[in-house]
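Only one structure is covered here, and it is reproduced in the block below.
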Amino acid sequence: MEKVDFKMAQATPQFSEQSRTSYEKPVHDRAWRLFDFIAAILALIISAPILLIISASIKIENWKAPIFFKQKRVGKNGKTFYMYKFRSMYVDAEAQLAKLQAQNEMEGHMFKMKDDPRITKVGKWIRKTSLDEFPQFINILKGDMSFVGPRPPLTTEYEKYTNYDKKRLLVTPGCTGLWQVSGRNNVTFQEMVELDLKYIKKRSILFNIKILLLTFKEFTGKGSGM
């Protein structure tokens with residue numbers, strides 16, 4: 001697969017208010033929404049045994065803690081929704097976030113920390129394998145998310161966005177996207193924005209499938225980026 005050229009990404013045409021409709025691809029979006037709906041149903045059915053094992057593991061580690069974690073995120077055109085995940089952190093994780101901001105390994109309005117002390121033992125396993133993301137199939141069924149698209153930010157992150165940054169949410173956010181298969185934590189926030197805008201411009205059924213295949217390679221440890 002070709003590697004992403006960040007210079008090319010940065011050269012992506014900027015979205016002006018006058019040309020705001022230039023990103024619209026109604027035929028593609030309707031077709032991909034149908035794919036999302038059918039694929040999410042199949043994914044939930046096929047992964048049901050895995051979902052049960054993860055649920056049991058979370059309860060065994062801490063019987064009183066909830067299995068699922070829901071968090072308010074910002075979706076298409078600034079609309080908020082609750083994104084679902086398997087709980088991979090201790091119950092008071094969000095309260096501890098402010099104390100850990102100084103150790104943030106991501107530039108810009110995102111938080112990433114390699115050895116995050118808030119993560120549980122089961123959480124380390126399901127995060128490493130991305131199994132904590134599986135409940136997002138529910139978000140896809142509801143139409144809040146897609147399999148492919150820009151990652152939805154936290155409301156606190158979105159509040160810090162410039163008008164230009166907000167343009168990465170001109171389309172439905174996704175579970176995976178162009179920046180996730182282009183370096184993950186090695187990508188800065190501004191590079192992520194440029195990659196998301198590049199995706200919005202370039203998106204197609206074929207391009208989405210290519211990103212899904214690359215995500216699967218990352219998931220199995222065989223990925224090498226685009």
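Exceeding 22 Å between C-alpha atoms, which entries from my cross-link table qualify? They are K76/K121; K25/K70; K25/K160; K76/K160.
Values: K76/K121 34 Å; K25/K70 30 Å; K25/K160 28 Å; K76/K160 17 Å.
Checking Cα-Cα distances, K76/K121; K25/K70; K25/K160 exceed 22 Å.
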Checklist entry - Amide H neighbours of S146 under 5 Å, counting only residues 5+ apart in sequence or on other chains, H built in-plane at 1.01 Å? => result G174, C175
Checklist outcome for this item: Scalar couplings 3J(HN,Hα) for segment 131-147 by Karplus 6.51 cos²θ - 1.76 cosθ + 1.60 (θ = phi - 60°), nearest whole Hz, x for Gly and Pro, are 5, 5, 7, 4, x, 5, 4, 5, 4, 5, 4, 6, x, 6, 9, 10, 5
Item to check | Length gained when the stretch E24-N163 is fully extended (0.36 nm per residue, less Cα-Cα span) | outcome: 48.2 nm
Checklist outcome for this item: Long-range amide H partners of G75, meaning residues 5 or more apart or on another chain whose placed amide H is closer than 5 Å, are T80, F81
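What size of dipole, in debye to the nearest 20, comes out for segment 138-213 about its Cα centre when the only charges are +1 on Lys and Arg C-beta atoms and -1 on Asp and Glu C-beta atoms? Please list the in-between numbers first.
Working: 12 positive and 7 negative charges, 56 e Å.
Here segment 138-213 has a charge dipole of around 280 debye.
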Checklist entry - Among 134-144, 209-219, 27-37, what's the highest-first ranking by average C-beta atoms within 10 angstrom per residue? => result 134-144, 209-219, 27-37
Checklist entry - Mean 1/r over all different Cα pairs, inverted: what Kirkwood radius does segment 38-88 give, in Å? => result 12.7 Å
Item to check | Phi to ³J(HN,Hα) by Karplus 6.51 cos²θ - 1.76 cosθ + 1.60 over segment 74-82, Hz, x for Gly, Pro | outcome: 10, x, 4, 6, x, 6, 8, 7, 9
Item to check | In Å², nearest 10: area of K70 left accessible to a 1.4 Å probe | outcome: 120 Å²
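The values are calculated or read from the model by the stated rules, or taken from the named source; none is laboratory data. Bear in mind that the values here come from a model prediction, so they are computed numbers and not experimental data. Counting neighbours? That spans all protein chains shown, and the Cβs are built from the backbone with ideal geometry, glycine included. The accessibility values were calculated without ligands, DNA or RNA, using every heavy atom of the protein model including side chains. Shrake-Rupley method; radii C 1.70, N 1.55, O 1.52, S 1.80 Å.
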